[in-house]
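Chemist: Input: one structure, supplied below.
The values are calculated or read from the model by the stated rules, or taken from the named source; none is laboratory data. None of these values were measured; they are calculated from a predicted model. We place every Cβ from the backbone using ideal geometry, glycine too, and count neighbours over all the protein chains shown.
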Amino acid sequence: MPIEDADLAEITKLLSPERLGKLYQLTGNARAAIEFHQKTLRLGADLMNIIAVIEISLRNSICENLGQHFGQAGWLLSPPPPFHWKESEKTKIVQALDSARRAEYAKLAQATKHGLDALAFPNGRPVNLSHTQRSKLRRTHIQVTDGKIIAELTFYIWKRLCGPDYEHTLWRPTLKKVFPNKRIKRADVADSLEIIYQSRNRLAHHEPVLHDRFTETVAAIKYIAQHLGARTPGDQTPLYRLIADDIAAIEASAAILHAELEAYRT
């Protein structure tokens, strides 16, 4: 549906003049700025879908690898010594545990929630305990699977596990098998994941990923897709084939959008 002239001022207000500022400076008119804003969001949404596939694949590959490496259930919350999580990851895992418990708690009937009081307050519920505190203490007695906790973890932790802090404790002993090509370097994997992570965060906050940042992000995505689980990296890995059409489509869309933007600069 085309934008009506009468709506331009209100749409500019809704999106904010600051957000449209650079596009307005480039195009010189509100309509074009708004249209480019929408095209940029659509491109970002398509890119985010591809990143989601990368994140899911990386997460599942790492978790399968670590499950085999540690050889015991509950390795996420209580990994066998001498290994231990760095404080950053420990905090993220605790937060993910609480999020998983929150999700399960929300599904419970009121009677079941009240039933948790016997576990949370064996000596009776304290007087003047707030509803928030009561719910929080109840949730600590909800059992959730590692899978549900893992689902609450973000890209941050998976890229961290391929970083220098875990080179000697995880990468060399086991995570290298997730990227089994003998010539691959951990730093190259980490650099690619960092690029994807930064763009993912921008997209999650509805910020544009264009021009060099777009090119670098797609290159990083291709690198991970070509190497994840592959002794012989290339465009024929299962993961790369899964997203190949999406990559081709988004590169074509980006080329058109970049050309349209460039036309205003010349």
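Chemist: So, in segment 217-266, of the ones that are over 13 Å from Val53 (Cβ atoms) and among the polar types (S, T, N, Q), which residue ends up farthest from the chain's Cα centre (by Cα)?
Modeler: Residue satisfying both the conditions and the ranking: Thr266.
Chemist: Taking Gly124, is it within 26 Å of Glu87 (Cα to Cα), exposed (fewer than 15 other Cβ atoms within 10 Å of the Cβ) and modelled with pLDDT under 95?
Modeler: Working: within 26 Å of Glu87 (Cα to Cα): no; exposed (fewer than 15 other Cβ atoms within 10 Å of the Cβ): yes; modelled with pLDDT under 95: yes.
No; evaluated as a whole, the condition is false for this residue.
Chemist: Taking the residues in segment 87-121 that are among the small types (Gly, Ala, Ser) and without any contact (Cβ under 8 Å) to a residue 40 or more places away in the chain as candidates, determine which candidate is surrounded by the most Cβ atoms within 10 Å (Cβ to Cβ).
Modeler: Looking at residues that are among the small types (Gly, Ala, Ser) and without any contact (Cβ under 8 Å) to a residue 40 or more places away in the chain, I get Ala120.
Chemist: As an exercise: evaluate Glu207 against (1) surrounded by fewer than 17 Cβ atoms within 10 Å (Cβ to Cβ); (2) assigned to a helix (DSSP H, G or I) and give the number of the one condition it does not meet.
Modeler: (2)
Chemist: Counting only residues that are surrounded by fewer than 17 Cβ atoms within 10 Å (Cβ to Cβ) and touching a helix residue (DSSP H, G or I) at 6+ places or on another chain (Cβ under 8 Å), which one in segment 173-183 is farthest from Gly71 (Cα to Cα)?
Modeler: My answer is Asn181.
Chemist: Taking segment 172-191 only, how many residues are in contact with a Cys (Cβ under 9 Å, 6 or more places away or on another chain) and closer than 16 Å to Ala230 by Cα?
Modeler: Matching residues across segment 172-191 total 5.
Chemist: Determine the pairs where a residue that is free of Cβ contacts under 8 Å to residues at least 40 places away in the same chain and closer than 14 Å to Arg42 by Cα, located within segment 241-259, has a partner that is surrounded by 15 or more Cβ atoms within 10 Å (Cβ to Cβ) and aliphatic (A, V, I, L, M) with Cβ atoms under 7 Å apart, the partner being 6 or more residues away or on another chain.
Modeler: Listed by first residue and then by second, the contacts come to Glu251/Val218.
Chemist: Turning to a different aspect of this structure: Among the residues of segment 26-67, which ones are free of Cβ contacts under 8 Å to residues at least 24 places away in the same chain and of a type in the set (S, T, N, Q)?
Modeler: Asn29, Gln38, Asn60
Chemist: Just give me the residues in segment 23-52 being closer than 18 Å to Thr215 by Cα, surrounded by fewer than 20 Cβ atoms within 10 Å (Cβ to Cβ) and hydrophobic (A, V, I, L, M, F, W, C), in sequence order.
Modeler: Once the filter is applied, which keeps residues that are closer than 18 Å to Thr215 by Cα, surrounded by fewer than 20 Cβ atoms within 10 Å (Cβ to Cβ) and hydrophobic (A, V, I, L, M, F, W, C), segment 23-52 yields Leu41, Ala45, Met48, Ala52.
Chemist: Would you check if Tyr197 is among the aromatic types (Phe, Trp, Tyr), surrounded by fewer than 16 Cβ atoms within 10 Å (Cβ to Cβ) and either farther than 20 Å from Asn49 by Cβ or at pLDDT 95 or above (or both)?
Modeler: Spelling it out, it is not the case that Tyr197 is among the aromatic types (Phe, Trp, Tyr), surrounded by fewer than 16 Cβ atoms within 10 Å (Cβ to Cβ) and either farther than 20 Å from Asn49 by Cβ or at pLDDT 95 or above (or both).
Chemist: Also, quick follow-up: In this structure, is Leu175 hydrophobic (A, V, I, L, M, F, W, C), within 17 Å of Glu55 (Cα to Cα) and touching a His at 6+ places or on another chain (Cβ under 9 Å)? Step through it out loud before you land on a result.
Modeler: On the way: hydrophobic (A, V, I, L, M, F, W, C): yes; within 17 Å of Glu55 (Cα to Cα): yes; touching a His at 6+ places or on another chain (Cβ under 9 Å): yes.
Spelling it out, Leu175 is indeed hydrophobic (A, V, I, L, M, F, W, C), within 17 Å of Glu55 (Cα to Cα) and touching a His at 6+ places or on another chain (Cβ under 9 Å).
Chemist: Which of (1) touching a His at 6+ places or on another chain (Cβ under 8 Å); (2) over 19 Å from Ala204 (Cβ atoms); (3) not aromatic (Phe, Trp, Tyr) is the odd one out, the single condition Leu41 does not satisfy?
Modeler: (2)
Chemist: So which of Leu8, Leu20 ends up being in contact with a helix residue (DSSP H, G or I) (Cβ under 6 Å, 6 or more places away or on another chain), assigned to a helix (DSSP H, G or I) and surrounded by 18 or more Cβ atoms within 10 Å (Cβ to Cβ)?
Modeler: Of the residues listed, the single one that is in contact with a helix residue (DSSP H, G or I) (Cβ under 6 Å, 6 or more places away or on another chain), assigned to a helix (DSSP H, G or I) and surrounded by 18 or more Cβ atoms within 10 Å (Cβ to Cβ) is Leu20.
Chemist: Quick check on this structure: which one of Ala225, Ala255 is out of contact with any strand residue (DSSP E or B) (no Cβ under 7 Å at 6 or more places or on another chain), of a type in the set (A, V, I, L, M), closer than 28 Å to Arg183 by Cβ and assigned to a helix (DSSP H, G or I)? Break it down into steps so the answer makes sense when it comes.
Modeler: Values: Ala255 fails: closer than 28 Å to Arg183 by Cβ.
So the residue among Ala225, Ala255 that is out of contact with any strand residue (DSSP E or B) (no Cβ under 7 Å at 6 or more places or on another chain), of a type in the set (A, V, I, L, M), closer than 28 Å to Arg183 by Cβ and assigned to a helix (DSSP H, G or I) is Ala225.
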